[in-house]
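The values are calculated or read from the model by the stated rules, or taken from the named source; none is laboratory data. Remember, it's a predicted structure, so these values are computed and weren't measured experimentally. Cβ: placed from backbone, ideal geometry, glycine included. Neighbour counts: every protein chain shown. Surface areas here come from the heavy atoms of the whole protein model, side chains and all, with no ligands, DNA or RNA. Shrake-Rupley method; radii C 1.70, N 1.55, O 1.52, S 1.80 Å.
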Amino acid sequence: MSVAERAGPGIARIPALAVLAHHLVGYRRTWRAGVFSSFLLPVLTVLGFGVGVGAYVRQGVGGVSYLDWLVPGLIASTALQVAMAESTWPVHSNFRWIRTYHAQVAAPLRIGDIVAGHLAFVLFRVGTSAAAFLLVTALFGALHSPWAVAVVPVVLLLGLAVAAPTFAFSAVVPSDSYLALLFRFAVIPMTLFAGVFFPVESLPEGLRWLAYATPLWHGVDLCRAATLGVAPQWSVAGHLLYLAAWAAAGWLLARGAFRRSLVV
C-alpha cells in the first residue's frame, strides 16, 4: 500500500499532498532531534546575543532593548537557514544519490506535484521552527505586540521566497560542492548584513542597497514591526509583493529545472 493510500483517500486525490505525506513519513523518524534543536537553538542564541551582547549595548536600538530588537531578526534568519538547509542537500540527493524524484515521476506524478509537495514540507519545517522560536522568546518577554502572531505567515512567505529558487539551483548543479558555496557567499552574508544583528542604515550606501535587495531584509523588517508593534521601514504591501515575486520566480525556475532533469 502506498503512502497516499495509507494517509487516506482525500490525500490520494491530491498528488502534491501525497508527496508531502512521503516527506512527513520520513520526518517521523527524525522529528525528536529536530524538536530538541528547535528549542535549544533559540534559547542559546537569545542568551548569547540578546542577553550577552545586549549587556554591552546599554542604550538599546531604536528605543528598545537590544534583546527585543534582535529577536525578530533571529526568527527571520532562522527561518531562512531552515529553508535553505531543507532545499539544498535533500533536493540534490533526490536527484543525484537516492533518486527519489525519479521514482516519483515514474509513479506517475506531475513535475508540479513533486515540487509543490516538497516545498510544502519545507514550509512545514520553517513554520514549526518559527513557532518554537516565538514561544521561547515570549518566555523572555521579548514580544511587545499581539501582531507577533503575524510572524509565522511572514516567515512562511520568506521561506518560500528563498526555498523555491534554491530548489532550482540544487536541481541543476553537478556537485554538492556548489551548495557549500551557496551558503558561504549567499546565506552567511545575508545573515550578517541584512539587518539581523545591527541596523542596515549603519552600512555604507552601496552595501545598504545590496542588503535591501535580499529577501531576508524584507522578512526581518516585517517581523520586527510585528513583534515591536511599530510601522516597518518599508510598506507592508511592498515587502509582501517583493517576497511574493521571489517566490513566483523561484517556482517557475524550479519547475523548469525539475522538468529538464526528470523528463526525458
Share of segment 67-156's accessible area from carbon and sulfur, percent, 1.4 Å? 69 percent
For the chain, modelled as a Gaussian network with Cα springs under 10 Å, which listed residue fluctuates most, Ile111, Ile75, Ile98? Ile98
How much of the accessible area of segment 200-264, probe 1.4 Å, is carbon plus sulfur, in whole percent? 70 percent
Within the under-14-Å Cβ sphere about Val230, not counting Val230, Lys/Arg +1 and Asp/Glu -1 give a net charge of -1
Accessible area per residue of segment 14-98 at 1.4 Å probe, in Å²? 49 Å²
Relative contact order (percent) for the chain, with alpha-carbon contacts under 8 angstrom and 6 or more residues of separation? 25 percent
Expressed per residue, the solvent accessible area of segment 99-222 in Å² (1.4 Å probe) is about 42 Å²
Using only the Cα atoms of segment 32-167, construct the convex hull and provide its projected area averaged over every direction, in square nanometres to one decimal. 9.5 nm²
Any chance you could give the angle, 0 to 90 degrees and rounded to 10, that helix 66-87 forms with the longest Cα principal axis of the chain? 10 degrees
Rounded to 10°, Cα long-axis angle of helix 151-172 versus longest principal axis of the chain: 50 degrees
